[in-house]
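J.: This is the structure I have questions about; it appears just below.
The values are calculated or read from the model by the stated rules, or taken from the named source; none is laboratory data. None of these values were measured; they are calculated from a predicted model. FYI the Cβ positions are ideal-geometry reconstructions off the backbone, even for glycines, and counts take in every protein chain you see. We work out accessible area using only protein heavy atoms, side chains counted, and drop any ligands, DNA or RNA first. Shrake-Rupley method; radii C 1.70, N 1.55, O 1.52, S 1.80 Å.
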Amino acid sequence: MGKATPGPWEVVRGRCGRSVEVFGGGKAIAEMWDRSDNETQEANARLIAAAPTLLEALKLMVQHAESAGWEDSHDVILHQAQEAIKRAEGGEE
């Protein structure tokens, strides 16, 4: 699996006014069409655009948690975070 386009990503209203696009690295990453609900469309686009930042923040939190010895006291949460990182990077779930 290839690497994702590095962030930051940004949300842009489509040229026709009925779509929302997510751009990163000078190219379109995603495009949402939902003619009935522009607010949901934009919320979904913002969430997608935040993905690179969220992934990096989660990686830093896991590193801190591991170095602080949280494995025993927060093992379920730490495991969920590690699995989310693995999934985002194309690893096994």
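J.: Can you match Rg and Dmax of the Cα atoms in Å to one of these, (i) 13.3, 40; (ii) 12.7, 45; (iii) 16.5, 53, based on a calculation from the structure here?
T.: Derived directly from the coordinates: (iii).
J.: Ordered by packing density, taken as the mean number of other Cβ atoms within 10 Å over each peptide's residues, highest first, how do 70-78, 58-66, 39-47 rank? Could the numbers behind the result be given before it?
T.: Details: 70-78: 11.6, 58-66: 13.4, 39-47: 15.1.
Per-residue mean Cβ counts within 10 Å order the peptides as 39-47, 58-66, 70-78.
J.: For the chain, which whole-number percentage of the solvent-accessible area (1.4 Å probe, protein heavy atoms only) is attributable to carbon and sulfur atoms?
T.: So the carbon and sulfur contribution to the accessible surface is 53 percent.
J.: Using the crude model of +1 on Lys and Arg Cβ and -1 on Asp and Glu Cβ, and no other charge, please compute the dipole size for the chain relative to its Cα centre, in debye to 20.
T.: Result for the chain is approximately 640 debye, rounded to the nearest 20.
J.: Next question, about the same structure. For the chain, what is the accessible area per residue in Å², given a 1.4 Å probe and the full set of protein chains? It would help to have the intermediate numbers written out before the result.
T.: Details: 6910 Å² over 93 residues.
Spelled out: the 1.4 Å probe surface of the chain, per residue, equals 74 Å².
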